[in-house]
Amino acid sequence: MTNTDWPLWEVFVRSRRGLSHTHAGSLHAPDAEFALRNARDLYTRRGEGVSIWVVPSSAVTASSPDEKDPFFEPSADKPYRHPTFYEIPEGVQHL
Amino acid sequence: MATATAPRTADDEAYQRTFDAAVAADERIEPRDWMPDAYRATLVRQIAQHAHSEIIGMQPEANWITRAPSLRRKAILMAKVQDEAGHGLYLYSAAETLGVGRDELLDKLHSGRQKYSSIFNYPTLTWADVGAIGWLVDGAAITNQVPLCRCSYGPYARAMVRVCKEESFHQRQGYELLLALSRGTPGQHAMAQDAVDRWWWPSLMMFGPPDDESAHSAQSTAWKIKRHSNDELRQRFVDICVPQAKSLGLTLPDPDLRWNEERGHHDFGPIDWTEFKEVIKGNGPCNEERITQRRRAHDEGAWVREAAAAHAAKHSGTAAAHTGGRTEKEVGQA
Amino acid sequence: MTATVPVTAALALGDDALVLSHRLGEWMGHAPVLEEEVALANIALDLLGQARVLLSMAGDEDELAYLREERAFSNLQLVEQPNGDFAHTIARQLYFSTYQHLLYAELAAGDGPFAALAAKAVKETAYHRDHAEQWTLRLGDGTDLSHQRMRTACTALWRFTGEMFQPVEGLGTDLGALRTGWLEAVGAVLRRAGLPVPEGAQSGAWTAGAGRQGLHTEPFGRMLAEMQHLHRSHPGASW
């Protein structure tokens, strides 16, 4: 099958001049141009922003895990992908 | 759940203790934090179901966009259905932070392996149903969702803050719509009453089964995913709606509904859980239609998504070189 | 605004916006991808906003939208064409939003009765045009299937593009003069997308005129029946 799973992008919005861009969320888009346009439609449709950055989620490098802090457990090598181990067999309930 | 059977190590125990302490201290859990597998699975299930509900929920209302009886109502309804698509997107994003892709979730929706709110399996038969959905269904949803803004999982809580902020107009527009009908011609008034009669009980079912039968409640409450019990929220909703119905000049279809001075709440009649279970099982009036339309839109759109992906693949070299991996745009909105 | 509103022109532009908004609204719940639900709705809402301003210049917006007969609508036949597949919708968007953008840029630069509306609409339509261009590029230069579909759609709708340049009474701008700029702009996008510029005639064989004169295509009657039914079923009611 052709790949129809558009990559994930992280969206950063500057809500008004004088403030820095803040992470607003993510979305899917085939390329950067569409990611920007989709971000404009989705995250600023009530006029919440004056400027948008989009970054491929795969290009985000997260801070390195600190062994002393289990809350930085390096369970995934990519920040927004985790092994899909919750593929739940059919018929299994109350999971 | 391959990892669930793996022997727990001393590290796991330490992680678990840190997790428990964070939840107890009302701190937020973030995507890269260690979390119990069951917590992750519960969140994926709940957020996905929530996201699916938003996009399936577009259908009953979109059913009336092309027939909205005034241009003002048409604009409001389009904006509302658009918001629902947006809310679906926020929620799928939140689910994706848990390591599961949107395609996978949609696939589970399309194949019936994940659910959406049963309320959307009821049909919108008249224009007044748009009002009843806004007032009752969105009202129930908001009652459920406001506590989720404080849910222990950060991305979910943040998505809910955004959703709740945007949703404040949804309920009001529904109420206003019904008010116009109730105060309108006898035909319009009857249309409004009929819609409320049909949507009242299904709305009460939106809070889920009674507390003593709720499968996931105890654990979800311990994890602070859930903040109030089903029955508690349902009671809150009934108490809110009774005076609102009075102001509307409409009645609620429950002969047992009355104020209980002692409890300080309204008593209400028994809910038909048989119907609830049947609708969940797939025997509601529109289960088949909703999923069929969703699947059709997805399948018929496949060539469009493929085209955009193919175009991106052809031009990826130049685009990346151009932007250095980051793309920026000033929003030229008036 | 001058004392006399150019009603014919307000209705022509208002009907274009109203009818296309309605068609785009039909996509809701059916779009190829969720992000596109949001994008198409944005465009539909912009157009509906324009329609309400324009129709209100000519009279009561709801009376005009819901109580006129088909022959009294003066929208272009292009905008009433059914959505078809996504390629048809994008081809219709490309043709119309390019036209609308050029037109509103012209009106915004003047000081006529439409200048205020045009100042806002020119920004909106710039975005609609960009949306259509981006999709034309991707469908035209995507897969073989998407190329074929986009090509078919561009050709099918080409014969509805000529009437855009008919004069409209009271508009205060020479629509015929927009044709060159429109052909250049649309031609450039199609070429970038690897699509041929359609060669056929830009208008059908109506001797009596076309949409601007109240002559419409078959699908429009059904569209109006759906749009007006509820409003007409409750005469005099408020909503």
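Short version: what are the Cα gyration tensor semi-axes of the protein assembly as shown, square root of 5 times each eigenvalue, largest first, in whole Å?
44, 34, 21
What whole number of Å gives the distance from the Cα centroid of the stretch C:1-56 to the Cα centroid of the stretch B:183-227?
Computed from Cα coordinates, the inter-centre distance equals 35 Å.
Restricting to DSSP H runs of at least four residues, report the calculated mean residue ellipticity at 222 nm for the protein assembly as shown, -39500 (n - 2.57) per run over all residues, nearest 500 deg cm²/dmol.
-18000 deg cm²/dmol
Please calculate the 1.4 Å probe accessible area of B:D211, with all protein chains present, and give it to the nearest 10 Å².
60
Roughly how many Å² is the accessible area per residue of chain B, as a whole number, for a 1.4 Å probe?
On a per-residue basis, 40 Å².
Report the accessible surface area buried between chains B and C, summing both sides, using a 1.4 Å probe on protein heavy atoms only, in Å² rounded to the nearest 100.
Interface between B and C: roughly 4100 Å².
Using the Karplus curve 6.51 cos²θ - 1.76 cosθ + 1.60 with θ = phi - 60°, what ³J(HN,Hα) values do you get for each residue of the stretch A:22-32, in whole Hz, with x for Gly and Pro?
My calculation for the stretch A:22-32 gives 10, 4, 9, x, 9, 7, 9, 7, x, 7, 5 Hz in order.
If you take the square roots of the eigenvalues of the alpha-carbon gyration tensor of the stretch B:127-182 and sort them as a ≥ b ≥ c, do you get rounded (a/c under 1.5), prolate (a/b over b/c) or oblate? Intermediate results must be reported in sequence, preceding the final value.
Details: a/c = 3.97, a/b = 3.04, b/c = 1.31.
Prolate, since a/c reaches 1.5 and a/b exceeds b/c.
So for the stretch B:16-303, averaging the separation of alpha carbon pairs under 8 Å that are six or more residues apart and normalising by length, what relative contact order in percent results?
Details: 338 pairs, mean separation 57.1, N = 288.
RCO, the stretch B:16-303: 20 percent.
Mind ranking C:102-113, C:56-67, B:86-97 by how tightly packed they are, going by the mean number of other C-beta atoms within 10 angstrom, highest first?
In descending order of packing, they fall as B:86-97, C:102-113, C:56-67.
As a quick test, which of the pairs B:K165/B:K246; B:K74/B:K281; B:K74/B:K226; B:K108/B:K246 have an alpha carbon distance above 30 angstrom in this structure?
B:K74/B:K281; B:K74/B:K226; B:K108/B:K246
Which of the peptides B:268-278, B:102-112, C:132-142 is most tightly packed, and how do the rest follow, going by the mean number of other Cβ atoms within 10 Å of each residue?
Averaged packing, sorted descending, gives the order C:132-142, B:102-112, B:268-278.
If you plug each phi of the stretch A:38-47 into the Karplus form 6.51 cos²θ - 1.76 cosθ + 1.60 with θ = phi - 60°, what whole-Hz ³J(HN,Hα) values come out, in order, with x for Gly and Pro?
Once rounded to whole Hz, the list reads 5, 5, 4, 5, 7, 9, 10, 6, 9, x.
Classify the stretch B:16-303 as rounded, prolate or oblate, taking a ≥ b ≥ c as the square roots of the eigenvalues of its Cα gyration tensor: rounded when a/c is under 1.5, otherwise prolate if a/b is larger than b/c and oblate if not.
oblate
Choose one answer from B:L71, B:L136, B:L148: the residue with the largest mean-square fluctuation in a GNM of chain B with alpha-carbon springs under 10 Å.
Result: B:L71 has the largest fluctuation of those listed.
Got a sec? Charge dipole of the protein assembly as shown, +1 on Cβ for Lys and Arg, -1 for Asp and Glu; which of C:L117, B:W259, C:V53 is way out at the positive end?
Towards the positive end, the residue furthest out is C:L117.
Per residue of C:41-47, how many C-beta atoms from partner chains lie within 10 Å of its own C-beta, taken as a mean?
Shielding by partners across C:41-47 averages 5.
Among C:L13, C:L48, C:L117, which one shows the highest mean-square fluctuation when chain C is modelled as a Gaussian network with alpha-carbon springs under 10 Å?
Greatest mean-square fluctuation among the candidates belongs to C:L117.
The values are calculated or read from the model by the stated rules, or taken from the named source; none is laboratory data. Computed from a prediction, not measured in an experiment: that's the story for all the values here. Every residue, glycine among them, receives a Cβ derived from its backbone with ideal geometry; neighbour counts consider all protein chains shown. Accessible surface is based on the protein model in full, side chains and every heavy atom, while ligands, DNA and RNA are left aside. Shrake-Rupley method; radii C 1.70, N 1.55, O 1.52, S 1.80 Å.
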